[in-house]
1. Hey, got the dipole for segment A:303-388? About the Cα centre, +1 on K and R Cβ, -1 on D and E Cβ, debye to the nearest 20?
2. Points 7 angstrom from Cα along the Cβ direction at residue A:198 and residue A:146: gap in nanometres?
3. How high is the FRET efficiency between residue A:116 and residue A:159 when r is their beta carbon distance and R₀ equals 30 Å, given to the nearest 0.05?
4. In a Debye calculation with equal point scatterers on the alpha-carbon sites of chain B and no solvent, what is log10 I(q)/I(0) at q = 0.09, 0.10 Å⁻¹?
5. Would you please classify the overall shape of segment B:227-316 from the alpha carbon gyration tensor, given that a ≥ b ≥ c denote the square roots of the eigenvalues, rounded means a/c under 1.5, and beyond that prolate means a/b larger than b/c while oblate covers the rest?
6. Can you sort B:212, B:171, B:34 by how many other beta carbons sit within 10 Å, fewest first?
7. Chain A: longest stretch without exposed trypsin sites (Lys or Arg not before Pro) (DSSP loop, at most 11 other Cβ within 10 Å), sites themselves excluded?
8. Can you compute the charge dipole magnitude of segment A:161-271 about its Cα centre, using +1 on each Lys and Arg Cβ and -1 on each Asp and Glu Cβ, nothing else charged? Give it in debye, rounded to the nearest 20.
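Derivation of every value follows stated rules applied to the coordinates shown; laboratory data play no part. What you see is a predicted model; the values in this text were computed from it and never measured. Glycine gets a Cβ as well: all are built from the backbone with ideal geometry, and neighbour counts include every protein chain shown.
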Amino acid sequence: MARRAAIIGVGQTKHGRREDVNYVELIYEAVKAAIADAGISPDDIEAVAQGSMPSPMEGVNANHLYWADAMTAFGKPLLRTATCGSVGMSIAHLATYHITSGMFDMVLAVGAQKMFEGDPQGTMATVADPWFQRWFIAGAPGVFSMQAHQYMYRYNLPEERVREAAARISVNHHDNAMDNPYAHLRFKVTMEDVMKSRIIAYPTRLMDVCPSSDGACAVIFASEEKAKKMGRKVAWVKGMNYAGDEHFFGDSDKVVWEAAIVAAKKAYQQAGITNPRKELDVAEVYNPFTYQELIFYECFGFCDFGKACELVEDGVVLRGGELPCDPSGGVLCTNPIGATGLLRVAEAALQVTGRAGDRQIAGAKTALAHAMGGACQFNGIMIVGSEL
Amino acid sequence: MTNRVAIVAVEQLGPEECANDNVRDLTFRVSKNLLNQVGLKREDVGTIVSSSSDFWQGISCSNSVYYDALGAYLKNSSKTEEDGAFAFIYGAMRIMSGHYDTCIVHAITKGSEIPGLSTLTNLYADPFFQRPIGLDDVSTAALQAMLYMNKYKITEEQAAKVVVKNLGNALDNPYAHKKGKFSVEDVLKSRTMAYPIKELDCATYSDGTCALLLTSEEKAKKMTKNPVWLRGMGWCVDHQFFGDRDLLDGALRKAARMAYATAGIKSPSKEINVAEICEPYSFQELLYYEQLGFCGEGEGGKFIDKGNTTMKGKLPVNPSGGVLAHNPYVARGLLRIAEAALQLMGKAEKHQVDGVKTALAHSTHGLAGQHHSVVILGK
């Protein structure tokens, strides 16, 4: 049996347009909050796991070197991972392996992004290979809109029905963000607002899309021994997996999306989950685009394939439902990409320790956190629980 | 260390081969060759960790383009960025955790396809204070060299001896990019890049890739009679702001201390039989002798004067030619580990050192070595 790891502290910044701080200051805001939350001293942190989006987006090469001091990493072991949108989850996994390897007892995970400082879509356009795909797969919305079309076509679903389900997700998540003091977009929208907002890439409309945000997140992982000494509730890492599929967009099925299915399946196995809809109490699904969230519900086994609209129509995944998704407002309302995946983990940890404030799902014991990245290529999952 | 980690196979592709193909094809070849060596199929591999960099590859999310080519389709595969040694460290931790019993670690850079070293390393600096001054790899190394030379009376001739040794050693390494018989005078006469660093004191800019297969103890014993064991590893980062740093006593001492502690090494110069040191600038090899504890403080120059680190010396350093001979930027750290492993396997052919039982591999990146890692391997 491998060594166990737990989340003992989380910190996040107020997200939004943060012209009041530079990267280093923004990161320190989250790190300081996490250290305070865990009730430890910076000296207790033995190693640091860092990551960000492609570094052209931050405009600093190897930005772990730039952020080192803000992450209290001076004189300590520091590793950097970078896996595009899924990086936040990759950081959480990296930090967990620091613990489960037996090398460390307390590790800080940090992710951050200032999207208002760079050219996010310009950078993301260069994720696609330079020879074949870059000419037509540029930026995120085009890719995910193609996926939405593929979804409707595959199951022969009336466009109006899928449109309505996606809009309902948007309304729900915007409502949720009102309860999250850290969220970037905090306003209510109506079904009409969503369905009449301007087209970004058909069928995706403005209110189906996440914002560009500035923000940072820090999470402290500890060994079983250290976590038990905390004398309070911690979030145990119950399962985690990551999977990617082919680079070329046309090579893989993005509706019955194997990378998402495999990532979830193995994480469930580790966590001993056989019926995710029943056994999970809350899920922080990575949802930069409303339509994509429908696909994830199916790939994660919340419902059968082609049935995600029912899940929304029946309110299962909405507030007050059987398996509420993104009570934080999710990516749809807050998206500092390099931190976004780690925020899902942090929010899941807050839920299972009963510390999520106004966005708390009552009695949540087991939570799923998810992130997606690449040119619609990578998926990572972490399951956290209140019991070891 | 908890679960033991073994290196069972090493594969690298040389600069000529790398010049003629793209990152995706090269990645496929290096990982396929690696698995062929031990008769493994892609399906048999547990996990994969690669290392590349978006800036050093010119492609954002640099592992996206080669993910499936590496054999990672539907596998739990991650990417560490900027230093191939990171991939090794992370891959080893994945095995130590007991989650996986096989792991490919891989690194790649094609220096021929991207902007120059100065441009990309200037981007290491923070955008407000240090970048506008023009700090880059060579200018910061020159400042470090001046400090080192002034404080300990290290000479340009002593630094030049590193070049003579390493480029000479590289003649016996078919994978090295730059090699030849040079004299100390050749080095001193080459044009100045940033005083006191001359052109031959600087690493070249290469294309290269390598991959290692790591396994658990149980798997290793089934797969090979001759595994190489990971005995210890340590890594450490220094401050970002150049003026905040002690350029002669930085992160390397701490990284080495951690590695030696895990490996149980008390007297490095006696217990280590061969070392692969990452020396993008010749004088740094001398400085790193000291920080790795091969000799006392300020004694790096004397250490090479005595010939201790030549192929026939008591502690040969960089029998492969090191980074001065071959510098595929992100891959260079993993190449040091690969070369150290080859020495222990007895597979280093013409640059084999006799009787190697313990080997050290070092890697660094960042301005004047902001980040260092040290890996100790043994038989």
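1. 320
2. A separation of 2.5 nm, rounded to one decimal place.
3. 0.30
4. Each listed q maps to, in turn, -0.45, -0.56.
5. Oblate is the answer for segment B:227-316, as a/c is 1.5 or above yet b/c matches or exceeds a/b.
6. Final ranking by Cβ density, sparse to dense: B:171, B:34, B:212.
7. A:1-187
8. 540
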